[in-house]
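The values are calculated or read from the model by the stated rules, or taken from the named source; none is laboratory data. Predicted, not measured: the structure shown is a model, and the values here were computed from it. Note that each Cβ is placed from the backbone with ideal geometry, even for glycine, and that neighbours are counted across all protein chains shown.
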């Protein structure tokens, strides 16, 4: 992620997380990206217990749009999208990783670990701000501070 995108993303998380929680929902993650020449702000929300409905996503979108119009944290035009995190849900907080223990995940790191920035394996443990991935017969230790993005890899049976 570029410095600008990462900075805006972090600011938006700090701004929107308490706002969304006030409505009884959980901010799962935010993507801020340029897509075919236009900026897109994607906000992934969920219920604290259970799945969020399409109608609730619409309600959250309307409220977040009003809130961002007042706060004006982004200096240029963008398109707002609010959706559920889906089966390949992003993992951002330690609690998210704890809920994904034993699941297959994909992690993108900000620096190379074992000569790679992309790592896919089963999340086997979380200790001392580190996540441990079982990759084949090996285990890879990744410091949380180097995790740029992480997602569950849905298993199709």
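Some observations on this one:
- When 137, 133 are checked against the criterion of being surrounded by 14 or more Cβ atoms within 10 Å (Cβ to Cβ) and outside the structural domain of residue 32 (by TED's automatic domain parsing), a single residue qualifies: 133.
- Taken as a whole, the structure leaves residue 88 outside the set of residues that are assigned to a strand (DSSP E or B), surrounded by fewer than 16 Cβ atoms within 10 Å (Cβ to Cβ) and touching a residue at least 60 places away in the same chain (Cβ under 8 Å).
- Restricting segment 14-42 to residues that are part of a helix (DSSP H, G or I) and free of Cβ contacts under 8 Å to residues at least 40 places away in the same chain leaves a set whose member that is nearest to residue 59 (Cα to Cα) is 21.
- Yes/no for residue 102 being without any contact (Cβ under 8 Å) to a residue 12 or more places away in the chain and either in contact with a helix residue (DSSP H, G or I) (Cβ under 8 Å, 6 or more places away or on another chain) or exposed (fewer than 14 other Cβ atoms within 10 Å of the Cβ) (or both): no
- Hits in segment 114-128 - residues which are crowded, with 16+ Cβ neighbours inside 10 Å and farther than 22 Å from residue 48 by Cβ: 119, 121, 122
- When restricted to residues that are crowded, with 20+ Cβ neighbours inside 10 Å and farther than 24 Å from residue 152 by Cβ, segment 37-63 contains 0.
- Flag if residue 34 is loosely packed, with under 13 Cβ neighbours inside 10 Å and either under 28 Å from residue 119 (Cα atoms) or assigned by TED's automatic domain parsing to the domain that holds residue 134 (or both): yes
- Checking 60, 45, 64, 5 one by one, the residue that is touching a strand residue (DSSP E or B) at 6+ places or on another chain (Cβ under 7 Å) and part of a strand (DSSP E or B) is 45 and no other.
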